[in-house]
1. Kindly provide the set of residues from region 72-89 that are among the aliphatic types (A, V, I, L, M) and assigned to a helix (DSSP H, G or I), ordered by number.
2. Please go through (1) at pLDDT below 90; (2) closer than 27 Å to PRO139 by Cα; (3) assigned to a helix (DSSP H, G or I) for VAL64 and return the number of the only condition it doesn't satisfy.
3. Going through region 103-124 one residue at a time, which ones are closer than 14 Å to LEU134 by Cα and in a strand (DSSP E or B)?
4. Tell me which residues, restricted to region 62-84, are closer than 13 Å to SER133 by Cα and in contact with a helix residue (DSSP H, G or I) (Cβ under 8 Å, 6 or more places away or on another chain).
5. Mind listing whichever residues of region 68-97 are in contact with a strand residue (DSSP E or B) (Cβ under 7 Å, 6 or more places away or on another chain) and surrounded by 12 or more Cβ atoms within 10 Å (Cβ to Cβ)?
Amino acid sequence: MRRARWQSMHPLAEPVAVRAQGFSLIEMLVALAVFGLAVLGLLNLAGEGTRTAALVEARSLANVVADNRAVEAMVATPAELAAMGASPRGIEQAGGIAWHWRRTLTPGEDPGIVRIDITVSPEGSDRTAAELSLFRTAP
């Protein structure tokens, strides 16, 4: 003879309802909400990583352009350095991007030293992506 689910095995015990196995609907909804929030957080983190990688790449390319202009100024003869002061702007391609650079020559406090400031920005933007300052002997 099969007993009802809520009935105890002891014949004199009060009838007790037996809870069904598994999760209730509310428990499942709460678990899905928590899981959904965790997934949204991870997706946001991945997006931030991608944006940061693009920014780091752009800054690295801008630094390459600034370094190229700095090397050019350091190895220039006095006549070439004087000509650089006459044309302080230019465009250079790096990584498939056109970069605008500006080089400023300023006499130092010591008459034998000149300060060279270089700023680089992406084409169509006033935002400075890289800047560099160096000193060398005056022409």
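The values are calculated or read from the model by the stated rules, or taken from the named source; none is laboratory data. Values in this document were obtained by computation on a predicted structure and should not be read as measured data. Note that each Cβ is placed from the backbone with ideal geometry, even for glycine, and that neighbours are counted across all protein chains shown.
1. ALA73, MET74, VAL75, ALA79, LEU81, ALA82, ALA83, MET84, ALA86
2. (1)
3. ARG103, THR104, LEU105, THR106, PRO107, ILE113, VAL114, ARG115, ILE116, ASP117, ILE118, THR119 - these are the residues of region 103-124 that are closer than 14 Å to LEU134 by Cα and in a strand (DSSP E or B).
4. ALA73 - this is the single residue of region 62-84 that is closer than 13 Å to SER133 by Cα and in contact with a helix residue (DSSP H, G or I) (Cβ under 8 Å, 6 or more places away or on another chain).
5. The answer is ASN68, ARG69, ALA70, ALA73, MET74, MET84, GLY85, PRO88, GLY90, GLU92, ILE97.
Condition check ((1) in contact with a Pro (Cβ under 7 Å, 6 or more places away or on another chain); (2) among the hydroxyl-bearing types (Ser, Thr, Tyr)) across all residues:
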position: HIS100; (1), (2): no, no
position: THR104; (1), (2): yes, yes
position: ILE113; (1), (2): no, no
position: SER125; (1), (2): no, yes
position: LEU132; (1), (2): no, no
